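This report concerns only the one structure given below.
Coordinate-derived values only; no laboratory data. Everything quoted here is computed from the prediction, not taken from an experiment. Cβ placement follows ideal geometry from the backbone for every residue including glycine, while neighbour counts extend to all protein chains displayed.
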Amino acid sequence: MIKDRLAKLRQELVKNEVDAILISQPKNRFYLSRFNGSDGWLLITAKETIIATDFRYVQQVKRQTPDFTLFEIKGKMSEWFPKLFDGLNIRQVGFESGATTFTQYQQINEIITGQKLPLSLKPLENVVENLRSIKEPEEIALIRKAAEIGDRAFNYVTDKMKPGMTEKEIAWALEKHMRENGSRAVPFEIIVGAGQNGALPHAQPSDRPVALHEPIVIDMGADFEGYCSDLTRTVCLGKPDATFIKIYNIVQRAQEAAIDGIQAGMSGIEADSLARNVIKDAGYSNMFGHGLGHGVGLDVHDPAPRLSYLSSDVLANGMVFSIEPGIYLPEWGGVRIEDLAMLVNGKVQLLSNAKKLKF
């Protein structure tokens, strides 16, 4: 699996006319090497795979990444960086422009210039991320497991929710259940937005108690062996009012239109419009301000694909993404319904299965 990923990356090096690439983004390092330490660099050439890290991670590298050449970082960057390239005959080095800070770029440039190294830097954007957008069967299995953990937690906790519980208490109950059943630290802070708080797409759980008859937006995810899930449901304790039923049904129809209509080969704009048109026709176009979905994998927001009115990404078999339309009314609250999906044989297959309301 790692060999196949490296082979694809080396094809990208040829396309981008570089001799090597420096990988510093943590999830990209893990994807290419299985090393999940917090510090380190990968240097990938046409023939070499080198991992550079310090004393803290030497034994971890030997366990997780035995096929890589270990370069132990010692001293200042100006001392070890030139040695990393000794004997490799590298001239043009790609770097991750989206992950490298300006300070890091300046530092490396100063080393190259000051020590007159025969190296030049070339910014590369989303080279590894684009490889990550097509999930391998082993990755799908891990994402599916993360989705199952989230589904079970949602079903268990919402069955026990009562008026008077705070948003924070509900969020902690969900996190506790997921972590006790296989999830690592949750991939993002769980969202619980009750009443008017639900009109904030990224509401932070507060000490506000939930009440009968109001919408409660719950957005949550699990992390199973490094792979994420993402799930949103909107619930109501007691009998929902007419506004809740109306808004919920519009959002549900929008999601169903996307699930039924999304196909491989579509652009992110086309996929987004399937749901957006339903909400627009119902008169709420200004209340759905975010995109329909995003990639999910090693990150809960993988860079690709994006399903959005701004995205030209092309959907392909093997991609995993969220489908999450929503309507947000500031004086009332919000409704969002999100499922995790993948493309199989050109069509959507859902990976999440938590219970939904039916009217």
> In region 2-132, with Lys and Arg counted as +1 and Asp and Glu as -1 at Cβ, which of these residues, Phe95, Ile73, Gln106, has the Cα nearest the positive end of the dipole, that is, farthest along it?
Replying inline: Ile73
> Taking amide H positions as placed 1.01 Å from N in the peptide plane, with prolines and chain starts having none, which residues 5 or more places from Lys122, or on another chain, fall under 5 Å of its amide H?
Replying inline: Val93, Gly94, Phe95
> For Thr243 and Gln11 in one chain, what is 0.36 nm times their gap in residues minus the Cα-Cα distance, to one decimal in nm?
Replying inline: 78.1 nm
> Taking other Cβ within 10 Å of each residue's Cβ, how do Leu174, Leu13, Leu292 sort, fewest first?
Replying inline: Leu13, Leu174, Leu292
>> Let's test the formula: R0 of 41 Å, r as the Cβ-Cβ distance of Ser38 and Lys162. What FRET efficiency results, to the nearest 0.05?
In response: 0.55
> In deg cm²/dmol and to the nearest 500, what is the mean residue ellipticity at 222 nm of the chain if only DSSP H runs of at least 4 residues count, each as -39500 (n - 2.57), divided by the residue total?
Replying inline: -11500 deg cm²/dmol
>> Greater than 20 Å separation of Cα atoms is the criterion. Which listed pairs, Lys239/Lys356; Lys280/Lys358; Lys15/Lys122; Lys145/Lys358; Lys135/Lys356, meet it?
In response: Lys280/Lys358; Lys145/Lys358; Lys135/Lys356
> Taking the Cβ-Cβ separation of Lys47 and Ser267 as r and a Förster radius of 41 Å, what is the calculated FRET efficiency to the nearest 0.05?
Replying inline: 0.65
>> Which lysines, if any, have their Cα less than 18 Å from the Cα of Lys62, not counting same-chain residues under 8 positions apart?
In response: Lys3, Lys74
>> With the alpha-carbon atoms as the only input, what is the per residue convex hull volume for the chain in Å³?
In response: 147 Å³
> By count of other Cβ within 10 Å, fewest leading, how are Phe30, Phe95 ordered?
Replying inline: Phe30, Phe95
> Using Cα pairs under 8 angstrom and six or more residues apart, how large is the relative contact order of region 137-350, in percent?
Replying inline: 21 percent
>> Can you tell me how region 137-350 classifies by the Cα gyration tensor, rounded, prolate or oblate, using a/c under 1.5 as the rounded cut?
In response: oblate
> Comparing Ile279, Ile111, Ile149, which has the greatest mean-square fluctuation in the GNM of the chain with Cα pairs linked when under 10 Å apart?
Replying inline: Ile111
> For the chain, what is the percent of antiparallel DSSP beta bridges, rounded to the nearest 5?
Replying inline: 75 percent
> Hey, what did the chain get for relative contact order, percent, Cα under 8 Å, at least 6 apart?
Replying inline: 14 percent
>> On a full-extension model of 0.36 nm per residue, what is the gain between Lys122 and Arg179, subtracting their alpha-carbon distance, rounded to one decimal in nm?
In response: 16.4 nm
>> Please arrange Cys236, Cys228 by how many other C-beta atoms lie within 10 Å of their C-beta, fewest to most.
In response: Cys236, Cys228
